[in-house]
Amino acid sequence: MNKNINSKFYDIKGFEPSEMIEVVLKSREIPKKLILVGELTGVSYMSDRSGKMEEYMHFFGVNEDTGRKKGKKPILATDETGKLLFIVDGTFKVTDRGIVG
């Protein structure tokens, strides 16, 4: 695997997974036309942030401590082929703690 890509992944994300995945860089542009799938309410993903592989669930637009509405939910969209998904807009960011906001 390209070590330069790994270091860029580490620098951008702020954390280093114990097992890096193969990153394939392809020249892609966001299509001028996206098709709305719907409002994204949550996402489930596997990560080894804590040193072992665990599943995490993040709900968008909800304060995880109080359960109250918070921020703007992102939109899930696809291209005209239906083969690519895009997360558009929303009030969140990815940090070393995972998805927050």
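Please treat every number below as a calculation from the coordinates, not as lab data. Predicted model, so just to flag it, every value in this text is computed and none were measured. All Cβ positions, even for glycine, are placed from backbone atoms using ideal geometry, and neighbour counts span all protein chains on display.
Against the empirical 2.2 N^0.38 Å scaling, what ratio does the C-alpha Rg of segment 30-100 come to?
1.25
Efficiency by 1/(1 + (r/R0)^6): what FRET value for residue 85 and residue 63, r their Cβ-Cβ distance, R0 = 30 Å, to the nearest 0.05?
Taking R0 as 30 Å, the efficiency between residue 85 and residue 63 is 0.70.
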